[in-house]
Structures are given as structure tokens and as C-alpha cells.
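A short write-up of the structure that comes next.
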Amino acid sequence: TRPMSERAGSVPAAYWELTKPRLSFLSVLTALAGYFCSEPSQATDPKVLVSLAVGTALAAGGCGAINMWWESEADAKMERTRHRPIPAGILKPGAVLLFGLLLLTLGVFLVWNGANPLAGALTAATAVSYLLLYTPLKTVTSWCTLVGSLPGAIPPIIGTAAKLGHIDTMGWLLFALLFFWQVPHFMSLAVMCREDYARGGFKVATVDDPSGNSAAIWALLFIIPMLFIAGAIAALFFPGWTSPYVWISFIAGAWFFKLCLDFGLPSRRAEVAKPLFLASILYLPVVLLTLTLNRIF
């Protein structure tokens with residue numbers, strides 16, 4: 001490995017990578033969906049909206065950096081993560097931890113003060129559940145996936161709380177949608193990266209059960225209530241079943257469910273894992289964006 005001084009040009013990119021930009025973007029997207037989908041008739045407050053978006057991005061990025069600091073030894077053992085900033089020797093662990101704590105603190109502060117204390121407290125709760133519950137449990141039990149679904153589902157109610165000062169029915173439905181969505185999303189990844197997770201010491205479902213049968217069962221058990229929640233949103237907020245959200249969510253959900261069924265077949269599991277993973281990634285932004293636009297217009 002080249003000395004860090006010879007790779008100074010890669011340091012800014014390394015700090016950017018620490019924030020896990022794709023996951024941070026998803027957190028911002030879902031927080032904004034919660035904001036716009038709850039009581040769309042209420043006027044948008046630009047200060048609150050900017051505080052929510054920037055604060056959520058900073059807090060999510062801080063969580064990503066602290067997570068990479070915490071799991072740096074495991075990351076060094078896994079093919080998909082061994083090039084991350086700490087294992088690659090680009091950044092020192094202390095600098096990564098400090099960076100993460102700074103971003104997280106700024107993010108929580110911005111949401112707390114720019115929106116309201118409830119939204120700020122929920123932002124802090126997201127970080128606590130992700131860093132102090134989900135992260136350590138990954139090396140202890142396969143139930144970590146269920147625990148990890150909690151922080152991933154909180155951003156929509158942060159958005160709802162930022163707008164209303166409380167959590168309404170739409171906020172809780174979006175929370176539930178994201179909670180159930182994460183399990184089939186992750187189980188497809190667990191099949192794709194089983195050997196890597198085993199090397200890293202993570203007790204995901206496919207490490208405990210290499211056949212992937214338990215992962216497939218988890219995926220099916222959780223996509224069913226996810227689809228029910230998507231349908232409940234349609235029934236409660238779009239009566240008549242003529243709105244774009246109704247049809248797009250139905251088509252996207254049917255596609256997602258069909259892949260989960262295929263994922264349940266041992267003979268097709270390996271080939272379906274990647275399409276299922278990609279479908280899960282596409283499903284959420286497509287459905288949430290359609291829902292948001294439908295609620296606004």
C-alpha cells in the first residue's frame with residue numbers, strides 16, 4: 001500500500017465515501033416524502049424544509065462514517081468493503097470517528113432547531129438505534145436485520161414531525177412501508193454476499209442458513225404486509241382507485257412480489273437475488289415519488 005501522503009488526492013473522495021451517499025440520499029428522500037405527503041394542504045415552510053433536508057443528510061452521513069469506523073476490521077476482511085477508507089489506509093480511524101460525530105451532531109442540531117424538537121429527537125433516535133443497536137447486533141444474531149429495519153423506517157416520520165409537530169396517519173403508514181420493505185431488500189443482498197458476510201463475522205440469515213431458505217421465507221413474510229400497507233395508503237387517501245399512485249404502486253408491487261416468489265425457489269434463488277435487489281432499490285423511489293406528486297397535485 002502506498003503511503004497516505006502519496007494518495008492525498010483521494011482523501012476528499014474518501015470522506016465523501018464515508019457518508020454512504022446512496023443510503024444518505026434514501027434517508028433524505030424518505031424524510032421529504034413524509035414532509036410532503038402529510039397534510040399537503042399545509043403551506044411549506046422553506047426554513048423547515050431546508051433544515052430537514054440538510055440536517056437529515058448530515059445525520060445520515062455521520063452515521064455512515066461512524067459505522068465504517070466501528071466495522072473497519074470486518075470491512076478489511078470482506079471483498080465488497082476492503083477498499084473503504086480505513087481498511088485501504090486512506091484515512092485514520094480517529095479522523096473518521098471525529099468526522100462522523102461532527103456530521104451527526106450538526107445534523108441533529110439543525111433538524112432540532114430548524115424544524116422542531118420532536119423531529120430532532122427522532123433524528124437522534126435513528127442514529128442511536130442504528131449505531132448502538134443494529135451495528136453491534138450484526139455480529140451477534142440474524143435478528144439484527146429486523147432491528148436494523150427500525151432506523152431505516154424512521155426518516156418519513158421525521159419529515160411528518162418536522163411539518164406538523166406530530167405524526168399523522170400518513171407518517172405511520174410510510175414508517176410501516178419502509179420497515180417491511182427493508183427485509184426483502186436486505187435478504188436478496190444477504191444471498192448475493194453470503195461468503196463476504198461470513199468472512200466479516202456478520203450473523204445474517206444466509207450465514208446461519210447457507211441454503212438461503214430462511215432468507216427467502218423472511219422476504220416473503222415481510223413483502224406481504226408491505227404490499228398491504230401500500231394498498232392501505234391507496235384505499236385511505238385515493239378513493240376511487242383512479243390516481244396514478246394506485247396503479248404504479250400496484251404494478252411495482254406485483255413485480256416485486258413476483259421476484260420474491262421466484263426467490264423462494266431454491267433452483268432459482270441465486271439467479272434471482274440480483275434482480276430482486278435491483279427491484280427493491282427501484283421500488284421505493286418510484287412509489288414514494290409517485291405518492292408525493294399525487295398528494296401535492
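So, L174, is that one part of a helix (DSSP H, G or I) and open to solvent by less than 40 Å² (accessible area, probe 1.4 Å) or not? So L174 passes the test.
Among the residues of region 88-122, not one is in contact with a Gly (Cβ under 7 Å, 6 or more places away or on another chain), aliphatic (A, V, I, L, M) and not in a helix (DSSP H, G or I).
Looking across W143, W112, one residue alone is of a type in the set (F, W, Y), open to solvent by 40 Å² or more (accessible area, probe 1.4 Å) and under 22 Å from M187 (Cα atoms). It is W143.
Of all the criteria given as (1) over 30 Å from K274 (Cα atoms); (2) open to solvent by 20 Å² or more (accessible area, probe 1.4 Å); (3) assigned to a helix (DSSP H, G or I); (4) not polar (S, T, N, Q), the one not satisfied by F180 is (1).
Residues in region 224-241 include none that are part of a helix (DSSP H, G or I) and within 30 Å of E79 (Cα to Cα). Considering S243, S211, the condition of being loosely packed, with under 15 Cβ neighbours inside 10 Å, hydroxyl-bearing (S, T, Y) and over 18 Å from the mean Cα position of the chain (by Cα) is satisfied by S211 alone. Pairing residues of region 119-131 that are polar (S, T, N, Q) with residues that are surrounded by fewer than 22 Cβ atoms within 10 Å (Cβ to Cβ), at Cβ distances under 6 Å and at least 6 apart in sequence or on separate chains, gives S129/L150. Looking across region 88-108, the residues that are in contact (Cβ under 8 Å) with a residue 40 or more places away in the chain, hydrophobic (A, V, I, L, M, F, W, C) and either buried (at least 17 other Cβ atoms within 10 Å of the Cβ) or in contact with a helix residue (DSSP H, G or I) (Cβ under 6 Å, 6 or more places away or on another chain) (or both) come down to A88, I90, L91, V96, F99, L103, L104, L106, V108.
Against the numbered list (1) crowded, with 22+ Cβ neighbours inside 10 Å; (2) assigned to a helix (DSSP H, G or I); (3) not hydrophobic (A, V, I, L, M, F, W, C), P85 comes up short only at (2).
The values are calculated or read from the model by the stated rules, or taken from the named source; none is laboratory data. None of the values given here were measured: they were computed from a predicted structure. All Cβ positions, glycine included, derive from the backbone under ideal geometry; neighbour counts span all protein chains shown. Note: accessible area is taken over every heavy atom of the protein model, side chains too, but ligands, DNA and RNA are not part of it. Shrake-Rupley method; radii C 1.70, N 1.55, O 1.52, S 1.80 Å.
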